[in-house]
Amino acid sequence: MSTPCTLFATLTLVCGLLMHTVTAQGQPTKDPALKRATRLLRSTILVDGHNDLPMTIRQFKDAPRDVIAYDLRQPTKGDTDIARLRAGGLSAQFWSVYIPGEGSGPYARQQLEQIDIARRVIERYPDVFMFARSVADVRAAKRAGKIASMLGMEGGYGLENSIGALRTYYDLGVRYMALTHNTHTDWADAAAPLQPRNNGLTPFGEEIVREMNRLGMLIDLSHAAPSTMAHTLHISEAPVIFSHSSAKAVCNVPRNVPDDILLKLPKNGGVVMVTFVSSFINCEVGKVLQPAMAEIGLRARSAATPEEAAKIRAEGFAALKLPPTSIAMVADHIEHIRNIAGVDYIGIGGDFDGNDWWPEGLDDVSTYPKLFAELIRRGWSDQDLKKLTGENLLRAWARTEKVGERLRRERPPSTVVYVPPKS
């Protein structure tokens, strides 16, 4: 039986989605594809693999780390607030608890603080969010008209080379961990243009993968080097995910997924969750953005004060004129991955609040229906769209849970200790 709160939440979601089919002039849209996309998102579970809202709150200039001051019931300066989440039809979000991997650490304190921020956001809006630790929780949240909220670590730096820490993060609710971000860990290579350190995974990195399998924690290969991707696919007993990656054959940037990895994905059962970041979708953007970022960064580092450096960065980036990126280009990445790996191995990972440059019309969490409308115009069936929205990810996650249940019966927690290589 539906409770009054459940009915209210469901009506709020439906109203938000219906509002999204209204044009800027206040007239109902005549676009049948957008109408169909809106109806689809009411009936299915849309899972997004990556949103950096916790870092946006951590760096909120007016009140850093203050989840009350960064009020999601009001319009925010970022890409995410409650009204736009509802308008976008989102059912489940992996909130990234990202910390930078540059420097020598320590990292664990920052990692715990990011988890704390995310957990406090979820707890602050109990009528909107439901903390989810399992696929069953995600489906329960959908039935209750709430947005299932999961945690994902972006990079294994917060482990500080401790498998015990990995288990602790899992106990705190982390349900995926990217092995790297833009810098190598001591046990896995990143995809950023760096000199290889490990040529994939070290023996300790292999043990991390095995323990993640035993826990039932999803392994995220976004930002990993192709050698790390291939090594992980070879040894993992559970499906992997790419929480926010696109197709390297369409846009040749290091952190996108190459075709040879896509061809291996069906055997593993994993999912590539396509990101919307313009520089990963449209390589013409990267050609302008990368040298500009280097030049602006150089000027900022020569500033006399941090305030002056921030001003240089803000003004420099505001003045950039980037080639336009379209929603159709995002759809091209989705269709390429479908054509190489198959329709059962794709998902959505926008990376909102983790970037400043978006495709036109796909620039915040209210805009998902526009992407699905584009795919509808290309002839996608509702059955295949439902796989893309979330059923593929939920299938991979459910399989990971089953693998974890089996492995916990078969072997105890790992006691392997990291040993630095001899110099």
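The values are calculated or read from the model by the stated rules, or taken from the named source; none is laboratory data. Note that the structure is predicted; figures quoted are calculated from it, not measured. Cβ placement follows ideal geometry from the backbone for every residue including glycine, while neighbour counts extend to all protein chains displayed.
Conditions tested, residue by residue: (1) of a type in the set (A, V, I, L, M, F, W, C); (2) within 25 Å of Val274 (Cα to Cα); (3) assigned by TED's automatic domain parsing to the domain that holds Asp79.
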residue: Glu295; (1), (2), (3): no, no, no
residue: Thr305; (1), (2), (3): no, no, no
residue: Arg313; (1), (2), (3): no, no, no
residue: Leu371; (1), (2), (3): yes, yes, yes
residue: Asp382; (1), (2), (3): no, yes, yes
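Restricting the first member to the stretch 174-193 and to residues that are closer than 17 Å to Ser162 by Cβ and in contact (Cβ under 8 Å) with a residue 12 or more places away in the chain, and the second to residues that are small (Gly, Ala, Ser) and in a strand (DSSP E or B), the beta-carbon pairs closer than 6 Å and six or more apart or on different chains are Leu179/Ala188; Leu179/Ala224; Thr180/Ala188; Thr180/Ala190; Thr180/Ala224.
If you check every pair at least six apart or on different chains, which have Cβ atoms under 8 Å apart with a residue in the stretch 307-319 that is under 14 Å from Ala294 (Cα atoms) and free of Cβ contacts under 8 Å to residues at least 40 places away in the same chain first and a residue that is assigned to a helix (DSSP H, G or I) and among the charged types (D, E, K, R) second? These pairs meet every condition: Ala309/Arg301; Ile312/Arg299; Gly316/Glu295; Gly316/Arg299.
Being in contact with a Lys or Arg (Cβ under 7 Å, 6 or more places away or on another chain) and either farther than 26 Å from Val285 by Cα or aliphatic (A, V, I, L, M) (or both) is a condition met by no residue of the stretch 377-399.
Tell me the residue from Ile346, Ile376, Ile337 that is touching a Phe, Trp or Tyr at 6+ places or on another chain (Cβ under 9 Å), buried (at least 17 other Cβ atoms within 10 Å of the Cβ) and hydrophobic (A, V, I, L, M, F, W, C), please.
On the way: Ile346 fails: touching a Phe, Trp or Tyr at 6+ places or on another chain (Cβ under 9 Å); Ile376 fails: touching a Phe, Trp or Tyr at 6+ places or on another chain (Cβ under 9 Å).
Exactly one residue qualifies, and that residue is Ile337.
Scan Ala83, Ala63 and give me the residue that is assigned to a loop (DSSP other than H, G, I, E, B), surrounded by fewer than 20 Cβ atoms within 10 Å (Cβ to Cβ) and among the aliphatic types (A, V, I, L, M).
Details: Ala83 fails: assigned to a loop (DSSP other than H, G, I, E, B).
That would be Ala63, the only listed residue that is assigned to a loop (DSSP other than H, G, I, E, B), surrounded by fewer than 20 Cβ atoms within 10 Å (Cβ to Cβ) and among the aliphatic types (A, V, I, L, M).
Residue pairs whose Cβ atoms lie under 8 Å apart, separated by 6 or more positions or on different chains, with the first residue in the stretch 111-139 and not assigned by TED's automatic domain parsing to the domain that holds Ala92 and the second surrounded by fewer than 17 Cβ atoms within 10 Å (Cβ to Cβ), do not occur. Looking at the structure I just gave you, is Asp344 in a helix (DSSP H, G or I), among the acidic types (Asp, Glu) and within 15 Å of Met273 (Cβ to Cβ)? Yes, satisfied. In the set (1) closer than 30 Å to Asn268 by Cα; (2) in a loop (DSSP other than H, G, I, E, B); (3) touching a His at 6+ places or on another chain (Cβ under 9 Å), Pro369 fails one condition alone, (2).
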